[in-house]
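Report on the following structure.
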Amino acid sequence: MNATGWKIGWAVGPSKLIRNGAIVANSVYYCFNTPGQVAMANSLDACTAPNYNEAGETFVQSTSTMFVANRDSITQAVTEMAMPWKPVFCQGGYFIMADVTDCRSLVPDKYF
């Protein structure tokens with residue numbers, strides 16, 4: 001059980017695009033439906049119950065262990081790619097970010 005469809009985060013870009021993105025974001029996914037809220041509330045105790053897996057971890061511990069391993073694997077892959085970008089290491093979250101500042105020279109001038 002993961003809530004990857006919950007749209008939270010940040011966007012960076014030209015104000016004209018960000019403004020339109022904010023309008024869409026505010027009207028499309030600013031709240032979670034009632035059945036989903038009830039289901040999540042009912043599952044909270046199960047998330048912290050021991051022995052979710054063979055290692056005796058809770059669901060929260062097991063998921064954290066998996067996410068850290070996935071993050072580290074993807075961060076290593078991004079670091080080893082032949083691209084002038086750098087992964088932005090974070091302590092939490094589901095997605096990885098990359099600093100693409102040094103990629104500017106790869107973008108044709110017509111896109112600036």
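In region 74-95, how many are in contact with a helix residue (DSSP H, G or I) (Cβ under 6 Å, 6 or more places away or on another chain) and closer than 20 Å to GLN61 by Cα?
First, the residues of region 74-95 that are in contact with a helix residue (DSSP H, G or I) (Cβ under 6 Å, 6 or more places away or on another chain): 84-85, 87.
Subset that is closer than 20 Å to GLN61 by Cα: none.
The total comes to 0.
Can you report the number of residues in region 82-112 which are exposed (fewer than 10 other Cβ atoms within 10 Å of the Cβ) and closer than 24 Å to PHE67 by Cα?
3
Is it true that some residue in region 64-86 is over 30 Å from VAL107 (Cβ atoms) and assigned to a loop (DSSP other than H, G, I, E, B)?
No, every residue in region 64-86 fails to be over 30 Å from VAL107 (Cβ atoms) and assigned to a loop (DSSP other than H, G, I, E, B).
Considering only residues that are charged (D, E, K, R) and surrounded by fewer than 11 Cβ atoms within 10 Å (Cβ to Cβ), look in region 34-81 and name the one that is modelled with the lowest pLDDT.
ASP45
Mind counting the residues in region 87-105 that are of a type in the set (Asp, Glu) and part of a helix (DSSP H, G or I)?
Residues flagged as of a type in the set (Asp, Glu) and part of a helix (DSSP H, G or I) within region 87-105 amount to 1.
The values are calculated or read from the model by the stated rules, or taken from the named source; none is laboratory data. Every value quoted in this text rests on a predicted model; they were computed, and no experiment measured them. Using ideal geometry, Cβ is built from the backbone for each residue, glycine included, and neighbour counts are taken over all protein chains shown.
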